[in-house]
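Everything below concerns the one structure shown next.
We did not get these values from a lab; they are worked out from the coordinates using the rules stated. Only a predicted model underlies this, so the values are computations on that prediction, with no experimental measurement involved. All Cβ positions, glycine included, derive from the backbone under ideal geometry; neighbour counts span all protein chains shown.
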Amino acid sequence: MEHNSAETVVPDSRDEIFVVGGGEVLEAGEKHLLENVSQYVQQNKETTNTQLFSFLALLNAYIPDAYLLMSECQKILGPPDPIHGGPPFEERMEPFTVLINISSTSPERVCMIHPVLAEKAVDLLADLGISRSATMKKFIFSFCESQLQPHILQFIKDLLTKRELEEKGKKKFSGLIEDIEKEKFHNAVSVLKMASNKFRQDPFLPQTISRLYYITEDAIDYGKAEEWAITAIERAPNNSYVADTLGQVYKNRLMREARRWEDVLNMAEKAFRAFKDVETKADREEGPEMTDTAGVVSISISYNNRGRFGFIQVAKITFEKCNKAGIYATQAQRFIQSKRMEVEAKFDFFEWYLNYSKPDMTTLEPPYFWKDVVLCYELYTTKTASGSTSFPGLLDRLNRGLFTSKGRQAGFEEFKETVSDLEAVRDDLKTTYEANVDDIKAAERYILSNVILCNKMHNSTQLTPVNKLKAVIHRFLDTEVGRRSPEFYLLALLLFWPEGEPQVGQEDNDDEEEEQQATEDDGSEDKTWEDEDSNEEQETREEPEQLPLDLMFDPDLQQYVTFMEKAFERAEYAKYLRGRYLLPLFFLGKGSGLSKWIHKSRLDEIVEAQVDVELADDQDQRTAKKWTRINEMWIKGDVWRVPEIRDMLLPVQVEQCNPQGYEAKEVFVYAGGKKIVAKVEPDALVLSPMVFYLGFTIQGPVVFKVGYPHVSGQ
């Protein structure tokens, strides 16, 4: 009988044969535990049926879908087996039978009828003197003496090493180890040591022992933690996640024990070396698609960033210890100076890493992550992270002050960027570019600063006309063809993407529309982008910028999409961002010129305002519920039903690339009458008559399914 419905058949307990609802099953089962099982166990702790029941209860309390095969159960019970004339399994398992479920599959699987009853049974058995640690040891001994079945091995590993996810990240240990630790710290160590000795190739068991020794407050022993971490590395020499544990041991010891400068320096250097080893191993790991490739030594679903982040944390701790102890001797200063460039490099990495992606669609990095990166960077460089004008730094400026910004999540006081702030940034970057017009990075930042400013104020007088920006990027298009950065091709696509569904005559009158948008109500209504364009042309005297670029250049947008995808691989973004959700950076809107590109922060701001209204009457839980609700709106697609967002974005025409392919991962998007290949956001596979919006990640264009036409406000 399979236990997978709301109604459950409870086996005959000789006085209870009912088909009852789930709640009644639990109530009847708990009553049976307290009355029948408790009395029996007190008098029969060592019997084989009590032992088997304790195994099943332990398994299903921590792994709800775990099971034992009937043959394995019969082995625990011992002879005589029913096939040799012994009593039936149900009879031998009295008074536990009513709590046990036997599947109708072949081979038969045996488990508890409900995980909640399994949890209550484990608690009851512990109260009666059959502890979790004792049960786990007997389980390992009983099943590991002969050839071990794969499912049993997996259950043991899950029981001892699988850490469940919670709001703040993964738990420190598996649920079972946490509960055994409450019995006694050394009981947890003893169980893990026994398992580690049985499974001498498994690295995660010694890794868990190491973590117990450096995390558990009342039993910290860094020497033993180091020994077990090294044992784990010896068993998995190419695994970056296993290697990380040794770095964590040294980092924690540095933080808690090191006082004198010599001790600080010694432990910091050990930690730096350990985390460098993690980084090196992580860089060598490949994604699951490379599993069968020759020469690949380690596979990881996502890139392990802990080596780089561990370096940041150690650098920050070391600096703070020097400062706190007043250690500013030449030696300390020399040490700090020696780490400055590496700290900057790590900051640069995490700046784009966190601005281009997040762990998955539903979660963010822990709040301390960006906080530690920023504080360390500012300690070592005397620069401010908020002052960054790198490409990802510019992209992040419009996020500031929003509830979902990584700065706010890290606990920093943030204010929204003003128009004046962004105009000043744009002016500085324009000056930087004009001082070196051959600097591709300066050109990219200058162009992006205009896109960002336009999102804040589309008719700012500081904006550079689109044709001038096209001229800037055009200077680089014919050199190093196909070898530029993903950021470069993102800008090329934004600048040259055709206007959506132009009205009659609009194609040739973009400048007139821009002139109308640039009109101010502050007395400068006669000054247009065209006027500013003319003045700047006279000042800079750049010949290409005087040409009507839209007349002389018809870009191949599909080629730029292809170049961007290849650049995404070449820049190793694909490697470092694998397994993560690529954030949409811009969406195609209903405007023209630069104003047709909508920064994601503008959607986030609208969503945040709507959620604030929803939670207005729940002030006590507002902060706690706000992120959850914002997250739900993106996951469920509720954002696309917000009228303000619908009015802002431009639907695109989509065609499936492969009509025979059911689960399409790419589609054609029509742009200026041409077909452009775009990725498909998960769950956006059904086409007509759906409505789609177009966004851009750092990998390229991506299509989002909005819903059916004419459902605004529903």
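What the Cβ-Cβ distance of ASP638 and THR330 gives, at R0 = 56 Å and to the nearest 0.05, is a FRET efficiency of 0.40.
Stretching the chain fully between ASN266 and LYS625 yields a gain of 124.7 nm (0.36 nm per residue, less the alpha carbon separation). Looking at the stretch 427-494, the GluC sites (Glu not before Pro) that sit in a DSSP loop and have at most 15 other Cβ atoms within 10 Å of their own Cβ are GLU480.
Distance between the pseudo-spin-label points of ASP81 and ASP221 (7 Å out from Cα toward the beta carbon): 4.4 nm.
Longer than 21 Å from Cα to Cα, which of LYS172/LYS193; LYS339/LYS575; LYS590/LYS705; LYS625/LYS705; LYS316/LYS441 are they? Say none if no pair is. Correct reply: LYS339/LYS575; LYS625/LYS705; LYS316/LYS441. Taking the Cα centre of the stretch 181-306 as reference, the dipole from Cβ charges on Lys and Arg (+1) and Asp and Glu (-1) amounts to some 360 debye.
With K and R counted +1 and D and E -1, the other residues having a Cβ less than 9 Å from that of PHE311 yield a net charge of +2.
In this label model, THR382 and GLU342 are separated by 2.3 nm, measuring between points 7 Å along each Cα→Cβ vector.
Can you tell me the length gained on complete extension of the stretch ARG475 to GLN42, counting 0.36 nm per residue apart and subtracting the Cα distance? Could you put the intermediate results ahead of the total?
Working: separation 433, 0.36 × 433 = 155.88 nm, distance 8.59 nm.
Separation in residues times 0.36 nm, less the Cα-Cα distance, equals 147.3 nm.
Near ILE215, once Lys and Arg are set to +1 and Asp and Glu to -1 for all other residues with Cβ below 14 Å from its Cβ, the sum equals +2. The loop-placed GluC sites (Glu not before Pro) in the stretch 97-153, going by DSSP, that have at most 13 neighbouring Cβ atoms within 10 Å of their Cβ come out as GLU145. Which pairs, out of LYS171/LYS636; LYS383/LYS406; LYS184/LYS251; LYS416/LYS600; LYS321/LYS346, put more than 23 Å between their alpha-carbon atoms? Flagged as over cut-off: LYS171/LYS636; LYS184/LYS251. When +1 charges are put on Lys and Arg Cβ atoms and -1 charges on Asp and Glu Cβ atoms, the dipole computed for the stretch 371-513 relative to its Cα centre reaches about 720 debye. Annotation note: trypsin sites (Lys or Arg not before Pro) in the stretch 212-260 located in DSSP loop regions with a Cβ neighbour count of at most 14 within 10 Å are ARG259, ARG260. The stretch between VAL419 and ALA435 holds 3.3 nm of extra length on full extension. This uses 0.36 nm per residue minus the Cα-Cα distance.
Between the beta carbons of ARG284 and LEU615, assuming R0 = 41 Å, the FRET efficiency works out to 0.30 to the nearest 0.05.
Summing charges over all other residues whose Cβ lies under 11 Å from the Cβ of LYS251, with Lys and Arg as +1 and Asp and Glu as -1, gives +4. By the Stokes-Einstein formula, at 0.692 mPa s and 37 °C, the stretch 270-348 with its Kirkwood radius over alpha-carbon pairs has D equal to 228 µm²/s.
Residues in the stretch 391-407 carry Karplus couplings, in order, of 4, x, x, 5, 4, 7, 4, 6, 6, 4, x, 6, 4, 8, 5, 5, x Hz; the curve used is 6.51 cos²θ - 1.76 cosθ + 1.60 with θ = phi - 60°, and Gly or Pro positions show x.
Here each label is just a point 7 Å from Cα along the line to Cβ, and for GLU572 and MET457 those points are 4.1 nm apart.
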